[in-house]
Amino acid sequence: MKRALLATAITLLATTSAFAQLDKAATDAADAAEHKVEQKKAESDAKKSGPVGKAVNNTKAKYHKSQANRNANSAKKALKKTVD
């Protein structure tokens, strides 16, 4: 009886951990998509701006591109942890 309860508890813990990793992956993927949208918006604004606005918007675009890549990589790692 105790072994069955222990096995059930371990199974539930593993399942909960897998769902937590999937949730993290989904959150990171959504964040990556949001940063990608902000990157494209900044790039578009840079094309319409003067010299100072262009520099500011290009900096914003680089920041959002970097954050999108970081979040995408984090999402990939979380998915790998779920599979392993």
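Structure above, values below:
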| read-out | value |
| --- | --- |
| Close pairs (8 angstrom Cβ cut-off, 6 or more residues apart or separate chains): at pLDDT below 80 in the stretch 9-24, of a type in the set (Val, Ile, Thr) and surrounded by 12 or more Cβ atoms within 10 Å (Cβ to Cβ) anywhere | Ala18/Thr82 |
| Every residue from the stretch 35-49 that is without any contact (Cβ under 8 Å) to a residue 24 or more places away in the chain and assigned to a helix (DSSP H, G or I) | Val37, Lys40, Lys41, Ala42, Glu43, Ser44, Asp45, Ala46, Lys47, Lys48 |
| Count of the stretch 24-49 residues which are surrounded by 13 or more Cβ atoms within 10 Å (Cβ to Cβ) and β-branched (Val, Ile, Thr) | 1 |
| Per-region count, the stretch 50-80, residues exposed (fewer than 15 other Cβ atoms within 10 Å of the Cβ) and either charged (D, E, K, R) or not in a helix (DSSP H, G or I) (or both) | 7 |
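The values are calculated or read from the model by the stated rules, or taken from the named source; none is laboratory data. Because the structure is a prediction, the values reported are computed rather than measured. FYI the Cβ positions are ideal-geometry reconstructions off the backbone, even for glycines, and counts take in every protein chain you see.
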